Amino acid sequence: MSRIASCFAELKTQGRKALIPYITAGDPQPQATVELMHSLVEAGADLLELGVPFSDPMADGPAIQAACERALVHHVSLHDVLEMVAEFRKINNHTPVILMGYLNPVEIMGYKTFAQQADKVGVDGLLTVDLPPEESHDLVEELNQNGIDPIFLAAPTSTAERLEKIAHAGSGFLYYVSFKGVTGANALDVDSVAKKLNQIRQITPLPVGVGFGIRDAESAAQIARVADAVVVGSAIVKQIAAHANDMQKIKIEVTKLVGSMRAAMDAMTRQAA
Amino acid sequence: MTVAKKKTQPSFNELPDENGHFGRYGGRFVAETLMQALDELEEAYENSKQDANFQAEFDRDLADYVGRPSPLYFAERWSRELGGAQIYLKREDLNHTGAHKVNNTIGQALLAKRMGKTRIIAETGAGQHGVASATVAARLGLECVVYMGAEDIERQAPNVYRMKLLGAKVVPVTSGSATLKDALNEAMRDWVTNIDNTFYIIGTVAGPHPYPEMVRNFQTVIGREAREQIQRHTGRLPDALIACVGGGSNAIGLFYPFLNDDSVAMYGVEAAGEGLNTGHHAAPLCAGSPGVLHGNRTYLMEDKDGQIIPTHSISAGLDYPGVGPEHAWLKDIGRAKYVAISDDEAMTAFHSLTRIEGIIPALESSHALSYAMKLAPQMKQDETIVVNLSGRGDKDINTVAKLEGIQL
């Protein structure tokens with residue numbers, strides 16, 4: 001069983017929901033990333049999403065665009081990101097790490113090379129935002145051969161037919177984009193998310209994570225009520241941006257935010273039980 | 001003369017395939033939220049092709065609103081001056097709004113109306129596509145938002161004002177390099193947010209399927225007319241076609257109806273900027289490598305890590321790090337040849353045509369003209385070249401004046 005699958009299985013037996021924070025690798029500077037990853041785990045993260053910086057992050061709002069730009073000032077490459085994961089694995093061998101980004105850096109490294117190296121350093125999943133299942137065959141094959149879960153997006157606009165395709169191509173979990181828009185926008189509607197998740201669950205047994213627009217403890221708890229995992233990106237990245245020159249302050253603020261989400265989610269699940 | 005000719009395929013007119021691929025290029029690389037919208041667009045577009053009323057309305061608009069057919073003008077004095085092949089200019093600069101861009105925006109706006117969309121968005125570099133989009137939006141009473149790089153807004157002030165006069169909202173894009181590619185990113189972000197009521201009019205033959213095919217088909221009116229006109233002028237097909245290539249819509253519009261004419265050589269002219277060896281250029285086909293950006297796989301200007309690198313060209317319309325996937329395919333199979341012309345060379349051609357023929361060309365088109373200045377003298381006097389004069393240069397006079405230290 002993959003690290004991601006066993007993480008979700010274990011959470012299920014505990015009756016808890018997964019918290020998946022996102023940070024962009026290399027933001028605000030390359031040395032900060034591994035340390036931040038450990039802080040996120042200590043604050044209550046179950047899985048980590050590590051953004052691979054890209055020059056043209058078309059699906060992202062201003063916060064993550066700016067994070068990519070901060071990382072790219074330091075020329076953080078996919079190769080560098082893999083090294084960061086290797087460094088993280090020296091201490092932490094249990095928290096699943098998912099790389100999230102755009103296809104081109106993976107395409108340029110080569111699918112096979114990427115999949116082999118990612119497996120070697122302890123990456124567990126890959127989410128390429130601009131790669132729908134239709135174009136994913138070759139990459140998914142390489143990922144599967146190297147035990148890396150290909151994670152696909154589902155959206156409010158995904159038809160039943162598309163959800164089938166997405167569920168079939170992916171493994172690990174399915175990432176549901178909570179609204180039509182870019183990351184960090186303020187458009188979360190918990191009821192419509194709940195409705196769509198019902199449809200998704202009839203199509204696939206994969207755990208479903210929900211991201212986009214979850215910004216605080218309250219929204220995290222609301223989503224945790226209906227989803228298997230809560231993904232938080234822009235809200236964390238904004239804290240990093242606000243304190244870009246003060247690593248200690250970043251750790252304190254990010255830990256505070258993630259910790260509050262963790263607590264609210266666990267309170268919700270205890271209450272539900 | 002030697003031309004790139006390969007008879008490896010029975011026809012060059014059969015792509016893209018059903019998934020939008022031109023060989024290994026093209027496709028549909030977008031976030032999931034947009035996939036359903038692209039399916040709907042594809043379906044609406046396919047239906048419109050079968051609809052005689054739609055086609056008749058499109059043709060009528062091209063005739064009465066755009067002013068088509070555009071003339072094919074024999075540049076007799078310029079040809080004599082260059083001393084080689086006879087040069088004919090396809091006068092897309094005479095279209096309403098001053099460039100070939102309007103052929104496509106008319107088609108897509110009719111499609112938007114057919115699909116019941118009330119809001120149009122567009123990206124623009126030189127501003128020609130933005131003006132053409134704002135124009136058709138005004139005519140059809142649709143809301144129009146145009147994304148434009150802050151740097152381009154600076155260098156294309158007249159077009160910015162035209163868009164505003166036409167009722168469009170021009171949104172400056174400051175992220176990334178603040179040019180066309182970033183405007184495209186921002187338009188995509190708008191589209192994903194407002195997908196229910198918004199139609200995204202992409203201005204070139206790039207982006208996710210079906211855009212490269214759809215935009216090409218709307219632009220092939222250029223080549224169909226030119227093919228007929230040159231035969232009326234000379235009694236035969238031309239020996240060479242030349243067009244500038246940013247995204248490549250005017251080039252594919254001219255080339256496509258000639259692709260199966262083996263005797264016709266085709267030259268796509270990219271922007272060499274300050275020179276291909278300086279790195280400051282916008283020539284992905286001549287000096288880039290394949291990758292994935294803006295919804296399609298194609299040649300890109302990128303670094304070894306797959307990051308898109310800043311481009312440079314004197315002409316905003318060519319200042320783009322990608323290129324339409326069909327051009328990538330035509331390059332690989334050798335059916336078309338891609339070359340590059342520097343800023344300085346384009347400026348020389350700009351002045352040359354202006355002074356000798358009394359036609360002020362767009363800086364984009366000046367790249368094609370510059371290559372004609374190189375090619376014509378190498379050809380015989382009984383040979384002919386058709387150059388796509390894709391746009392007029394009025395919008396560029398500020399840029400040109402500034403370069404020459406003249407205050408307007």
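From the residues in the range A:9-31 that are among the polar types (S, T, N, Q) and within 19 Å of A:Arg262 (Cβ to Cβ), which one is surrounded by the most Cβ atoms within 10 Å (Cβ to Cβ)? Give the derivation first.
Within the range A:9-31, the subset among the polar types (S, T, N, Q) is A:13-14, A:24, A:29, A:31.
Filter once more, so that each one left must be within 19 Å of A:Arg262 (Cβ to Cβ): A:13-14.
Details: A:Thr13: 7, A:Gln14: 9.
Filtering first and then ranking leaves A:Gln14.
Which members of the range A:9-26 meet the condition of being more than 14 Å from every other protein chain (Cβ to nearest Cβ) and touching a Gly at 6+ places or on another chain (Cβ under 8 Å)? Step through it out loud before you land on a result.
So the first thing to find is which residues in the range A:9-26 are more than 14 Å from every other protein chain (Cβ to nearest Cβ), and the list is A:9-23.
Of everything in the range A:9-26, those that are more than 14 Å from every other protein chain (Cβ to nearest Cβ) and touching a Gly at 6+ places or on another chain (Cβ under 8 Å) turn out to be A:Ala18, A:Leu19, A:Ile20, A:Pro21, A:Tyr22, A:Ile23.
Quick check on A:Ser55: is it among the hydroxyl-bearing types (Ser, Thr, Tyr), more than 20 Å from A:Ala118 (Cα to Cα) and either within 14 Å of chain B (Cβ to nearest Cβ) or within 11 Å of the chain's Cα centre (by Cα) (or both)?
Working: among the hydroxyl-bearing types (Ser, Thr, Tyr): yes; more than 20 Å from A:Ala118 (Cα to Cα): yes; either within 14 Å of chain B (Cβ to nearest Cβ) or within 11 Å of the chain's Cα centre (by Cα) (or both): yes.
So A:Ser55 passes the test.
So that you can scan it fast, the table gives a plain yes or no per residue for (1) in contact with a Phe, Trp or Tyr (Cβ under 7 Å, 6 or more places away or on another chain); (2) within 14 Å of chain B (Cβ to nearest Cβ):
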residue	(1), (2)
A:Ser178	yes, yes
A:Asn198	no, no
A:Thr204	no, no
A:Ile214	no, no
A:Ile223	no, no
A:Asp228	yes, no
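Would you call B:Gly291 crowded, with 20+ Cβ neighbours inside 10 Å, part of a strand (DSSP E or B) and over 15 Å from the mean Cα position of the chain (by Cα)?
On the way: crowded, with 20+ Cβ neighbours inside 10 Å: yes; part of a strand (DSSP E or B): yes; over 15 Å from the mean Cα position of the chain (by Cα): yes.
The answer is yes for B:Gly291.
So is B:Thr33 among the hydroxyl-bearing types (Ser, Thr, Tyr), within 14 Å of chain A (Cβ to nearest Cβ) and within 30 Å of A:Phe179 (Cβ to Cβ) or not?
For B:Thr33, the condition - among the hydroxyl-bearing types (Ser, Thr, Tyr), within 14 Å of chain A (Cβ to nearest Cβ) and within 30 Å of A:Phe179 (Cβ to Cβ) - is met.
Is at least one residue of the range A:172-184 touching a residue at least 60 places away in the same chain (Cβ under 8 Å), out of contact with any strand residue (DSSP E or B) (no Cβ under 7 Å at 6 or more places or on another chain) and at negative phi?
yes
Starting from residues that are at the interface with chain A (Cβ under 10 Å from one of its Cβ atoms) and among the small types (Gly, Ala, Ser), keep the ones in the range B:145-204 and report whichever is farthest from A:Pro156 (Cα to Cα).
B:Ser177
Looking only at the range B:339-384, how many residues end up being β-branched (Val, Ile, Thr) and farther than 20 Å from B:Gly98 by Cβ? Explain how you work it out, then say what you get.
Applying the first criterion (β-branched (Val, Ile, Thr)) to the range B:339-384 yields B:339, B:341, B:348, B:354, B:356, B:359-360, B:384.
Those left that are additionally farther than 20 Å from B:Gly98 by Cβ: B:339, B:341, B:348, B:356, B:384.
Number of matching residues: 5.
Going residue by residue through the range B:202-213, is there one that turns out to be in a loop (DSSP other than H, G, I, E, B) and surrounded by fewer than 24 Cβ atoms within 10 Å (Cβ to Cβ)? It would help to see each step written out before you state the result.
Going through the range B:202-213, the residues in a loop (DSSP other than H, G, I, E, B) turn out to be B:202-210.
With surrounded by fewer than 24 Cβ atoms within 10 Å (Cβ to Cβ) added as a condition, the list becomes B:210.
Yes, some residue in the range B:202-213 is in a loop (DSSP other than H, G, I, E, B) and surrounded by fewer than 24 Cβ atoms within 10 Å (Cβ to Cβ).
Do you know which residues across the range B:217-250 are of a type outside the set (A, V, I, L, M, F, W, C) and surrounded by 23 or more Cβ atoms within 10 Å (Cβ to Cβ)? Can you show your working first?
Keep residues of the range B:217-250 that are of a type outside the set (A, V, I, L, M, F, W, C), which gives B:217, B:219-220, B:223-225, B:227-229, B:231-236, B:238-239, B:246-250.
Hits for the range B:217-250 are B:Gln219, B:Gly223, B:Pro238, B:Gly246, B:Gly247, B:Gly248, B:Ser249, B:Asn250.
When you scan the range A:63-139 for helices (runs of 4 or more DSSP H) that lie fully inside it, which ones turn up with 3 or more residues that are farther than 30 Å from B:Ala37 by Cα?
Details: elements: A:78-89, A:103-109, A:111-121.
Helices (runs of 4 or more DSSP H) meeting the threshold: A:78-89, A:111-121.
Can you name every one of the strands (runs of 3 or more DSSP E) wholly within the range B:84-195 that holds 2 or more residues which are in contact (Cβ under 8 Å) with a residue 24 or more places away in the chain and of a type in the set (D, E, K, R)?
Details: elements: B:86-91, B:119-124, B:143-149, B:169-173.
In the range B:84-195, B:86-91, B:119-124 are the strands (runs of 3 or more DSSP E) which contain 2 or more residues that are in contact (Cβ under 8 Å) with a residue 24 or more places away in the chain and of a type in the set (D, E, K, R).
Tell me whether the range A:48-62 contains one or more residues that are in contact (Cβ under 8 Å) with a residue 60 or more places away in the chain and assigned to a helix (DSSP H, G or I).
Scanning the range A:48-62, I find at least one residue that is in contact (Cβ under 8 Å) with a residue 60 or more places away in the chain and assigned to a helix (DSSP H, G or I), so the answer is yes.
Yes/no per residue for (1) at pLDDT below 95; (2) among the basic types (Lys, Arg):
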| residue | (1), (2) |
| --- | --- |
| B:Gly358 | no, no |
| B:Ser365 | no, no |
| B:Leu375 | no, no |
| B:Met379 | no, no |
| B:Thr384 | no, no |
| B:Lys395 | yes, yes |
| B:Thr399 | yes, no |
| B:Leu403 | yes, no |
| B:Leu408 | yes, no |
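Restricting attention to the range A:209-244, report how many residues are of a type in the set (S, T, N, Q) and without any contact (Cβ under 8 Å) to a residue 24 or more places away in the chain. Reasoning before the result, please.
Residues of the range A:209-244 that are of a type in the set (S, T, N, Q), as a first pass: A:219, A:222, A:234, A:239.
Narrowing further to those that are without any contact (Cβ under 8 Å) to a residue 24 or more places away in the chain: A:239.
Residues flagged as of a type in the set (S, T, N, Q) and without any contact (Cβ under 8 Å) to a residue 24 or more places away in the chain within the range A:209-244 amount to 1.
Can you say whether B:Phe12 is of a type outside the set (Lys, Arg), more than 13 Å from chain A (Cβ to nearest Cβ) and buried (at least 17 other Cβ atoms within 10 Å of the Cβ), as far as the supplied structure shows? Give the derivation first.
Numbers: of a type outside the set (Lys, Arg): yes; more than 13 Å from chain A (Cβ to nearest Cβ): yes; buried (at least 17 other Cβ atoms within 10 Å of the Cβ): yes.
Yes; evaluated as a whole, the condition is true for this residue.
If we scan the range A:176-190, do we find a residue that is at pLDDT 95 or above, among the acidic types (Asp, Glu) and surrounded by fewer than 22 Cβ atoms within 10 Å (Cβ to Cβ)?
no
Being within 15 Å of A:Gly209 (Cβ to Cβ) and either away from chain B (no Cβ under 11 Å) or part of a strand (DSSP E or B) (or both) is the filter here, so list the residues in the range A:180-189 that pass it. Don't jump to the end; show me each part of the working.
At the first step, the residues of the range A:180-189 found to be within 15 Å of A:Gly209 (Cβ to Cβ) are A:183, A:188.
The answer is A:Leu188, and nothing else.
For the range A:134-169, name all the residues that are within 27 Å of B:Asn194 (Cα to Cα) and more than 9 Å from chain B (Cβ to nearest Cβ). Give the steps one after another, and end with the answer.
If we filter the range A:134-169 for residues that are within 27 Å of B:Asn194 (Cα to Cα), which is where we start, we get A:134-136, A:151-167.
Within the range A:134-169, A:Ser136, A:Ile151, A:Ala160, A:Glu161, A:Leu163, A:Glu164, A:Lys165, A:Ala167 meet the criteria.
Only one of B:Arg335, B:Arg355 is surrounded by fewer than 20 Cβ atoms within 10 Å (Cβ to Cβ) and basic (Lys, Arg). Can you tell me which? Give the derivation first.
Values: B:Arg335 fails: surrounded by fewer than 20 Cβ atoms within 10 Å (Cβ to Cβ).
The conditions single out B:Arg355.
Select from the range A:75-93 the residues that are within 12 Å of chain B (Cβ to nearest Cβ) and surrounded by fewer than 17 Cβ atoms within 10 Å (Cβ to Cβ) and write down the one among them that is farthest from A:Gly181 (Cα to Cα).
Of everything passing the filter in the range A:75-93, A:His79 is farthest from A:Gly181 (Cα to Cα).
Can you find even one residue in the range A:198-208 that is in contact (Cβ under 8 Å) with a residue 60 or more places away in the chain, aliphatic (A, V, I, L, M) and either surrounded by fewer than 21 Cβ atoms within 10 Å (Cβ to Cβ) or in a helix (DSSP H, G or I) (or both)?
Step one: of the range A:198-208, the residues in contact (Cβ under 8 Å) with a residue 60 or more places away in the chain are A:207.
Checking the rest, the ones that are also aliphatic (A, V, I, L, M) come to none.
No, that holds for no residue.
Out of contact with any Cys (no Cβ under 8 Å at 6 or more places or on another chain), farther than 15 Å from B:Gln307 by Cβ and either buried (at least 21 other Cβ atoms within 10 Å of the Cβ) or within 14 Å of chain B (Cβ to nearest Cβ) (or both): which single residue out of A:Leu50, A:Leu72 fits that description?
Working: A:Leu72 fails: farther than 15 Å from B:Gln307 by Cβ.
One residue alone meets the criteria, A:Leu50.
Regarding the range A:109-126, can at least one residue be identified that is surrounded by 24 or more Cβ atoms within 10 Å (Cβ to Cβ), within 12 Å of another protein chain (Cβ to nearest Cβ) and touching a residue at least 40 places away in the same chain (Cβ under 8 Å)?
Scanning the range A:109-126 turns up no residue that is surrounded by 24 or more Cβ atoms within 10 Å (Cβ to Cβ), within 12 Å of another protein chain (Cβ to nearest Cβ) and touching a residue at least 40 places away in the same chain (Cβ under 8 Å).
I'm trying to understand the selection: among the residues of the range A:27-47, which are within 14 Å of another protein chain (Cβ to nearest Cβ) and either polar (S, T, N, Q) or without any contact (Cβ under 8 Å) to a residue 24 or more places away in the chain (or both)? Let's see the steps before the verdict.
Step one: list which residues in the range A:27-47 are within 14 Å of another protein chain (Cβ to nearest Cβ), which gives A:30.
None - no residue of the range A:27-47 is within 14 Å of another protein chain (Cβ to nearest Cβ) and either polar (S, T, N, Q) or without any contact (Cβ under 8 Å) to a residue 24 or more places away in the chain (or both), so the list stays empty.
Give the residue that is surrounded by the most Cβ atoms within 10 Å (Cβ to Cβ), with candidates limited to residues of the range B:374-408 that are touching a residue at least 60 places away in the same chain (Cβ under 8 Å), in a helix (DSSP H, G or I) and touching a Leu at 6+ places or on another chain (Cβ under 6 Å).
B:Asp396
What's the number of the condition B:Asp39 fails, among (1) assigned to a helix (DSSP H, G or I); (2) more than 14 Å from chain A (Cβ to nearest Cβ)?
Answer for B:Asp39: the failing condition is (2).
The values are calculated or read from the model by the stated rules, or taken from the named source; none is laboratory data. Model, not experiment: these values are computed from the prediction. Positions of Cβ are backbone-derived with ideal geometry, glycine not excepted, and every protein chain shown enters the neighbour counts.
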